Amino acid sequence: MQTKITKIDRSKPELLEIHCHCISDEVREIVAFVRSRQGQLTGTADDRIYEIAVGDIFYIESVDNKGFIYTQSNVFETRQKLYELEVILSEKHFLRISKSMLLNLMKVNSIKPALNGRFIAVLFSGEQVVISRKYVPMLKKALKGE
């Protein structure tokens with residue numbers, strides 16, 4: 001597969017165009033990756049407002065009715081509810097893995113079984129998060145690309 005990159009003026013919108021003979025799994029994977037990198041969420045830290053790229057988010061957690069966005073090195077608070085974020089991020093490889101957490105599947109290094117039907121997701125940051133057994137079937141579907 002050949003690739004071509006053309007630098008354009010900032011006044012023009014960026015465009016990714018794929019020319020292919022058929023829409024293979026490889027092409028779908030490329031499109032999914034590009035889509036997962038688009039978008040931003042707003043969060044606060046130290047009384048400052050930040051725009052957080054969706055692709056930088058490892059997971060989002062709700063604790064005591066407050067939402068927290070976790071990146072490689074920072075934690076931001078968000079005013080959005082977890083169910084709202086779940087809808088917004090559903091096409092960006094985010095998956096609910098417990099009653100209080102959304103996980104960015106693009107940041108998962110490995111998944112291993114745990115006790116009582118639960119799983120542990122090991123993130124690229126080295127952090128580990130628990131996948132509740134209620135959400136394991138949805139995880140398996142997502143990993144199969146269904």
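The values are calculated or read from the model by the stated rules, or taken from the named source; none is laboratory data. On a predicted model such as this, the values are computed, not experimentally measured, just so you know. No Cβ is skipped: glycine too gets one built from the backbone with ideal geometry, and neighbour counts run over all protein chains shown. The accessibility values were calculated without ligands, DNA or RNA, using every heavy atom of the protein model including side chains. Shrake-Rupley method; radii C 1.70, N 1.55, O 1.52, S 1.80 Å.
Observations on the structure shown:
- Residues located in region 65-95, provided they are open to solvent by 80 Å² or more (accessible area, probe 1.4 Å) and assigned to a strand (DSSP E or B): 66
- Residue within region 112-135 that is closer than 20 Å to residue 29 by Cα and open to solvent by less than 70 Å² (accessible area, probe 1.4 Å) present: yes
- Within region 96-108, residues that are closer than 13 Å to residue 54 by Cβ and part of a strand (DSSP E or B) sit with their Cβ atoms under 7 Å from residues that are open to solvent by 20 Å² or more (accessible area, probe 1.4 Å) and among the acidic types (Asp, Glu), at 6+ positions apart or across chains, in these pairs: 102/86.
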